[in-house]
There are 2 protein chains.
Amino acid sequence: MQRLAIDMDEVMADTLAHYLNRYNSDFGQSLTKAELGGKRPFDTLPLAHREQVMTYFQDPEFFADIPLMEGSQEAISKLSERYEIFITTAAMDVPCSFTPKFQWLARHFPEIQPSHIVFCGDKSIIAADFLVDDNVRHLENFRGEGIVFTAPHNVHETRFRRADSWPDVERLLL
Amino acid sequence: MQRLAIDMDEVMADTLAHYLNRYNSDFGQSLTKAELGGKRPFDTLPLAHREQVMTYFQDPEFFADIPLMEGSQEAISKLSERYEIFITTAAMDVPCSFTPKFQWLARHFPEIQPSHIVFCGDKSIIAADFLVDDNVRHLENFRGEGIVFTAPHNVHETRFRRADSWPDVERLLL
């Protein structure tokens, strides 16, 4: 059975929507994903807002409440019939996210066993055939075939097969 | 550069010594590592003691205070000149250990970058050339060469090259 590694933030979890909701609520703004093309949201914010926004990622609650990426549960359920699934998330950048990420997976993806969850940093350590990830740095380091999951910050990337959505991942891999 | 993956508990950290110290203190016993040959400590305890002992592993403090395995700092420092080192620990079995394990590594091995720390379950996901581990199940699953680090529960294992101590690991790999 081939092995499929899947990233969490911006792939299984709509972290960016959650981040923009919180930012818009805190600052009375209406920033949308569409306005971010090619940029990370932080880089588009007024300098005066950045200090407060940085604290979002020190708050375990932030990670607990992230909504599902549309279609992720259904697609991962189907993919698990054909692939051995591992969840591989770069949690080491944000140690306060360990427990809420683990609990988030248990809540939304109870069929994924803890033995198949990996918190890592450099994804070159992952032994799998495919990696679905929004982060180009991780796809570059990965030793199998990387599939880029579309997010505003990666729209100009052309070196990997691309999935714009979970139905797209199904089309590529099933 | 070849890549060396290293387990934490019973390899970098003398978890068993810590566990026996706590058990002996709580129950007025004097159980030693030598008495455990071939067995996991839990299986040697009187049934009446087991319920309390199981709580040790739900206590984050337990993981924070584990002493270093003798020679681990010196050896890992030398090995890092020849190998790219990743720390690969099966933390997913014990979610309350995430943060104390991360902090323990930062305190005792500050030169190891967070990007090179991996919390996992099934170590078949680890892409590395060598894995030093006391747990035979992980060595069996690993895709590179496993080296068994001697602990009471693995003394009868013969399928892997064996290191009885950190100087032994240096002799095998340097």
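The values are calculated or read from the model by the stated rules, or taken from the named source; none is laboratory data. Bear in mind that the values here come from a model prediction, so they are computed numbers and not experimental data. Here the Cβ is made from the backbone with ideal geometry for all residues, glycine too, and neighbour counts use every protein chain on show. For accessibility, only protein heavy atoms count, side chains too; no ligands or nucleic acids. Shrake-Rupley method; radii C 1.70, N 1.55, O 1.52, S 1.80 Å.
Scanning the stretch B:79-95 for residues that are within 8 Å of another protein chain (Cβ to nearest Cβ), out of contact with any Ser or Thr (no Cβ under 7 Å at 6 or more places or on another chain) and open to solvent by 40 Å² or more (accessible area, probe 1.4 Å) returns a single hit, B:D93.
Remark: A:F57 matches the filter, which requires a residue to be within 30 Å of B:E84 (Cα to Cα) and touching a residue at least 12 places away in the same chain (Cβ under 8 Å).
Among the residues of the stretch B:100-126, write down those that are more than 23 Å from B:H153 (Cβ to Cβ), open to solvent by less than 10 Å² (accessible area, probe 1.4 Å) and assigned to a loop (DSSP other than H, G, I, E, B). Of everything in the stretch B:100-126, just one residue is more than 23 Å from B:H153 (Cβ to Cβ), open to solvent by less than 10 Å² (accessible area, probe 1.4 Å) and assigned to a loop (DSSP other than H, G, I, E, B), namely B:F109.
Of the helices (runs of 4 or more DSSP H) lying entirely inside the stretch A:24-96, those containing at least 1 residues that are in contact with a His (Cβ under 9 Å, 6 or more places away or on another chain) and of a type in the set (A, V, I, L, M, F, W, C) are A:60-64. Considering the stretch A:1-30, the residues that are hydrophobic (A, V, I, L, M, F, W, C) and surrounded by fewer than 16 Cβ atoms within 10 Å (Cβ to Cβ) include one that is nearest to the other protein chains (Cβ to nearest Cβ), namely A:M1. Selection of the stretch A:33-70 for residues being open to solvent by 60 Å² or more (accessible area, probe 1.4 Å) and of a type in the set (S, T, Y) yields only A:T55.
Condition first: modelled with pLDDT of 95 or more, on the phi > 0 side of the Ramachandran plot and in contact with a helix residue (DSSP H, G or I) (Cβ under 6 Å, 6 or more places away or on another chain). Can you find one or more residues in the stretch B:70-93 that meet it? Scanning the stretch B:70-93, I find at least one residue that is modelled with pLDDT of 95 or more, on the phi > 0 side of the Ramachandran plot and in contact with a helix residue (DSSP H, G or I) (Cβ under 6 Å, 6 or more places away or on another chain), so the answer is yes. I'd like to check something: does the stretch B:153-166 contain any residue that is within 14 Å of chain A (Cβ to nearest Cβ), in contact with a Leu (Cβ under 9 Å, 6 or more places away or on another chain) and assigned to a helix (DSSP H, G or I)? Within the stretch B:153-166 (the criterion being within 14 Å of chain A (Cβ to nearest Cβ), in contact with a Leu (Cβ under 9 Å, 6 or more places away or on another chain) and assigned to a helix (DSSP H, G or I)), the answer is no, since none of the residues qualifies.
Okay, residues lined up against (1) more than 7 Å from chain B (Cβ to nearest Cβ); (2) within 21 Å of A:V169 (Cβ to Cβ); (3) at pLDDT 95 or above:
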site	(1), (2), (3)
A:F102	no, no, yes
A:P110	yes, yes, yes
A:H116	no, yes, yes
A:D122	no, no, yes
A:I126	no, yes, yes
A:D133	yes, yes, yes
A:R137	yes, yes, yes
A:E140	yes, yes, yes
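Is it true that some residue in the stretch B:31-47 is within 26 Å of A:V118 (Cβ to Cβ) and more than 14 Å from chain A (Cβ to nearest Cβ)? Within the stretch B:31-47 (the criterion being within 26 Å of A:V118 (Cβ to Cβ) and more than 14 Å from chain A (Cβ to nearest Cβ)), the answer is yes, since at least one residue qualifies.
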